[in-house]
1. Whole angstrom only: what separates the Cα centroid of segment 12-86 from the Cα centroid of segment 131-207?
2. Contact order normalised by length for segment 23-62, with contacts defined as Cα pairs under 8 Å and 6 or more residues apart; what percent is it?
3. For the pair residue 1/residue 90, report the inter-label distance in nm, with labels modelled 7 Å from Cα in the Cβ direction.
4. Taking the Cα-to-Cβ direction at residue 33 and at residue 137 and moving 7 Å from each Cα, how far apart do the two end points lie in nm?
5. Could you give the accessible area per residue of the chain, probe 1.4 Å, as a whole number in Å²?
6. Would you mind putting 153-160, 175-182 in packing order, based on average other-beta-carbon counts within 10 Å, highest first?
7. List the relative contact order of the chain as a percent without decimals, with contacts defined as Cα pairs under 8 Å and 6+ residues apart.
8. Sorted by average packing, counted as other Cβ atoms within 10 angstrom per residue and highest first, what order do 28-40, 81-93, 50-62 take?
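The values are calculated or read from the model by the stated rules, or taken from the named source; none is laboratory data. Values in this document were obtained by computation on a predicted structure and should not be read as measured data. Reconstructed Cβ throughout: ideal geometry from the backbone, glycine too, with neighbour counts over all protein chains shown. When the accessible area is computed, the model is the full protein with side chains, heavy atoms only, and any ligands, DNA or RNA have been set aside. Shrake-Rupley method; radii C 1.70, N 1.55, O 1.52, S 1.80 Å.
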Amino acid sequence: MTKLRVHNFAISLDGYGAGPNQDRNEPLGVGGEALHNWFVATRTFQQISGKEGGTTGIDDDFAARSFTNIGAFIMGRNMFGPIRGPWPDDNWKGWWGDNPPYHAPVFVLTNHPRALVVMDGGTTFHFVTQGVHAALQRATEAANGKDIQLMGGASTIRQYLRAGLIDEMHFAIAPILLGSGEHLLAGIDTPKLGYRCTEHVTTANATHVVLAKGS
Ligand SMILES: NC(=O)c1ccc[n+]([C@@H]2O[C@H](COP(=O)([O-])OP(=O)(O)OC[C@H]3O[C@@H](n4cnc5c(N)ncnc54)[C@H](OP(=O)(O)O)[C@@H]3O)[C@@H](O)[C@H]2O)c1
């Protein structure tokens with residue numbers, strides 16, 4: 001059965017998945033770029049960036065898990081880009097260049113309709129205005145028996161969490177404080193929703209935790 005999985009979602013020690021004031025120059029908000037220091041250093045990240053080298057070991061093992069058995073992706077519109085409100089034109093096609101690292105259908109949640117965008121390498125961006133359940137249904141059909149990766153950002157994960165639809169979540173807690181921005185779990189009763197911590201391990205760069213539904 002298709003699972004909805006979160007991987008490599010980095011949060012600060014004070015629980016933020018992005019800093020404040022996201023914009024074109026600060027895609028992760030002010031100070032937020034440091035959330036990904038652990039990930040950027042890994043061999044997995046270097047490979048998807050077309051480079052050699054990178055760290056191996058625990059950080060890289062977690063990073064690599066996100067590439068197994070994924071047939072579709074879901075993300076929020078703020079993760080897709082810095083434009084807010086109605087799309088002024090079709091020029092913005094994500095942060096990732098002509099050949100994004102998804103190579104599969106990506107369903108972007110938004111309140112503002114937009115036509116499908118076909119990229120190189122098998123990535124297609126579909127803009128879904130009917131909400132989280134509709135996006136999940138379309139992603140499930142597109143995944144064709146594989147799992148779906150829920151990319152974020154915080155608002156998107158919070159909605160799927162509250163609906164109890166996420167099967168497992170890997171968070172990397174980065175050793176930084178952001179103070180403000182997009183908080184991931186504030187006000188969400190994860191134990192009541194049925195989640196428990198099934199893995200935790202600390203490296204020099206991050207504390208990795210996996211939350212999953214369990215008995
Ligand atoms: N820490 C990490 O590992 C990580 C991972 C991924 C992303 N990020 C960062 O997280 C930030 C984005 O997170 P975020 O919480 O601000 O936003 P987000 O979840 O990426 O997107 C939220 C936006 O998506 C649209 N949307 C969400 N749910 C919807 C629904 N049910 N129906 C219709 N539209 C819906 C709305 O946009 P409209 O109303 O404008 O259409 C909403 O404002 C970025 O800075 C990104 O770089 C961090």
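1. Distance between centres, Cα-based: 14 Å.
2. 29
3. Going by the 7 Å Cα→Cβ label model, 3.9 nm.
4. 4.1
5. So the chain comes to 49 Å² accessible per residue, rounded to a whole number.
6. 153-160, 175-182
7. It comes to 30 percent, rounded to a whole number.
8. Most protected by this proxy first, the peptides run 28-40, 50-62, 81-93.
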